[in-house]
Amino acid sequence: MHITNLHTHSLYCDGAATIEEMIVSAIENGFDSLGISSHGPVDEETYWNIKKDKVEEYIEEVKRLKEKYKDKIEIFLGMELDYIPGIGFSDLCLSLMKRLDYYIGSVHYLGTIKNGVRWTVDYNIQELLQGIDECFGGNIRKAVETYYQAVSEMAERYQPPIIGHLDLFNKNNKDNVLFDERETWYVEAVKKCLDTINKTSSIIEINTGGMARNNNKEQYPSTMILEMVKERNIPVMVNSDAHTADKITYKFNDMYRLVDDIGFDSLVYLTKGGWKKQKIKY
Ligand SMILES: [Zn+2]
Ligand SMILES: [Zn+2]
């Protein structure tokens with residue numbers, strides 16, 4: 001099986017290791033390829049996005065390491081780019097897409113709180129609840145539906161190669177404090193989103209980063225959603241959203257077993273010649 005992970009962060013954004021340390025860890029773990037996907041630049045700089053004036057350095061660094069390790073591993077230059085509801089991808093992100101081997105399209109931001117600061121669904125529960133209060137009058141259902149609408153809109157408008165952590169809301173939904181994912185309105189919101197994704201070429205990633213970093217009990221997307229993904233035959237791949245070198249293969253074998261149990265017959269992976277499918281072996 002072609003072992004890969006296309007969702008990894010580094011010191012260029014909020015990761016804790018250099019790109020080279022991530023690559024060395026991938027080689028030590030027997031990877032065939034690795035994608036480097038720092039959080040792309042945003043207009044109002046944050047601690048977790050790459051700084052605009054570091055973008056060129058980042059691209060050069062990945063290209064240098066791609067060459068340095070070319071006999072040991074295939075390196076792909078990527079980024080995780082923010083799709084902002086009501087705005088879309090920034091012009092800078094749109095221009096970067098053309099220079100990258102691939103990108104992950106993710107929705108983190110959902111609105112702006114009264115002090116003008118954009119809030120994200122994956123920061124912490126206090127910030128999330130403040131955002132839902134100020135932007136959605138405390139209506140959690142409306143916030144979640146808006147999130148899935150934004151993911152659908154992103155897929156429809158841009159067909160990102162990979163859609164990041166599809167049910168990111170679950171990060172703050174431990175013990176169903178926000179909603180129960182079996183509620184009809186929730187299932188319907190997800191279905192609508194998956195039906196849109198199904199009309200595009202986008203791949204849905206199975207992301208173990210929430211389990212690695214926040215003790216989420218499940219991967220993104222949840223097993224319930226993955227069963228819905230399988231029904232539609234939307235292509236999937238396994239990524240770990242690694243922010244440290246030791247989490248590069250986090251729970252990969254469990255995920256291979258899970259997709260096999262759900263009935264997927266293949267996982268996709270990236271090659272120089274484009275996306276390919278492979279049988280699942282673990
Ligand atoms: Zn993300
Ligand atoms: Zn990420």
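GLY210 meets each of the listed conditions (1) assigned to a helix (DSSP H, G or I); (2) closer than 22 Å to ILE280 by Cα apart from (2). Checked against (1) touching a strand residue (DSSP E or B) at 6+ places or on another chain (Cβ under 9 Å); (2) aromatic (Phe, Trp, Tyr); (3) outside any loop (DSSP other than H, G, I, E, B), TYR102 meets all criteria but (3). Scanning the stretch 237-247 for residues that are surrounded by 22 or more Cβ atoms within 10 Å (Cβ to Cβ) and away from ligand 2 (no atom under 13 Å from the Cβ) yields MET237, VAL238. What do you reckon, is TYR47 part of a helix (DSSP H, G or I), hydroxyl-bearing (Ser, Thr, Tyr) and over 19 Å from ALA155 (Cα atoms)? Considered against the rule, which asks whether it is part of a helix (DSSP H, G or I), hydroxyl-bearing (Ser, Thr, Tyr) and over 19 Å from ALA155 (Cα atoms), TYR47 comes out as no.
Can you say whether ASN115 is among the polar types (S, T, N, Q) and at pLDDT 95 or above, as far as the supplied structure shows? No: the conditions fail for ASN115. None of LYS217, LYS277 is outside any helix (DSSP H, G or I), basic (Lys, Arg), touching a residue at least 12 places away in the same chain (Cβ under 8 Å) and touching a strand residue (DSSP E or B) at 6+ places or on another chain (Cβ under 7 Å) except LYS277.
When the stretch 225-238 is filtered for residues that are in contact with a helix residue (DSSP H, G or I) (Cβ under 8 Å, 6 or more places away or on another chain) and within 16 Å of ligand 1 (Cβ to nearest atom), only VAL238 remains.
For the stretch 220-236, the tally of residues that are assigned to a strand (DSSP E or B) and within 16 Å of ligand 2 (Cβ to nearest atom) stands at 1. Please find, within the stretch 149-186, the residue that is surrounded by the most Cβ atoms within 10 Å (Cβ to Cβ) out of those that are away from ligand 2 (no atom under 16 Å from the Cβ) and closer than 24 Å to GLY78 by Cβ. Filtering first and then ranking leaves ALA155. When each of LYS199, LYS217, LYS251, LYS191 is tested for being over 15 Å from the mean Cα position of the chain (by Cα), modelled with pLDDT under 95 and either under 18 Å from ASP265 (Cα atoms) or not hydroxyl-bearing (Ser, Thr, Tyr) (or both), the lone residue that passes is LYS217.
Here CYS193 fulfils each of the conditions (1) surrounded by fewer than 22 Cβ atoms within 10 Å (Cβ to Cβ); (2) more than 16 Å from ligand 2 (Cβ to nearest atom) apart from (1). Among the candidates PHE76, PHE31, the residue that is farther than 27 Å from ASP122 by Cα and among the aromatic types (Phe, Trp, Tyr) is uniquely PHE31. Of everything in the stretch 107-134 that is surrounded by 19 or more Cβ atoms within 10 Å (Cβ to Cβ) and in a helix (DSSP H, G or I), the residue that is nearest to ligand 2 (Cβ to nearest atom) is LEU128. Selection of the stretch 5-37 for residues being without any contact (Cβ under 8 Å) to a residue 60 or more places away in the chain, within 13 Å of ligand 2 (Cβ to nearest atom) and either acidic (Asp, Glu) or closer than 18 Å to TYR250 by Cα (or both) yields SER10, ILE36. Scanning the stretch 69-106 for residues that are within 17 Å of the chain's Cα centre (by Cα) and either within 12 Å of ligand 2 (Cβ to nearest atom) or among the hydroxyl-bearing types (Ser, Thr, Tyr) (or both) turns up GLY78, MET79, GLU80, LEU81, ASP82, TYR83, TYR102, TYR103, ILE104, GLY105, SER106.
Restricting attention to the stretch 11-37, the residues that are crowded, with 21+ Cβ neighbours inside 10 Å, within 14 Å of ligand 1 (Cβ to nearest atom) and assigned to a loop (DSSP other than H, G, I, E, B) add up to 2.
Being over 22 Å from ASN239 (Cα atoms), free of Cβ contacts under 8 Å to residues at least 60 places away in the same chain and in contact with a Pro (Cβ under 9 Å, 6 or more places away or on another chain) is a condition met by at least one residue of the stretch 106-126.
The values are calculated or read from the model by the stated rules, or taken from the named source; none is laboratory data. This is a predicted model, so every value here is computed, not measured. Every residue, glycine as well, gets a Cβ built from its backbone with ideal geometry; the counts of neighbours run over all protein chains shown.
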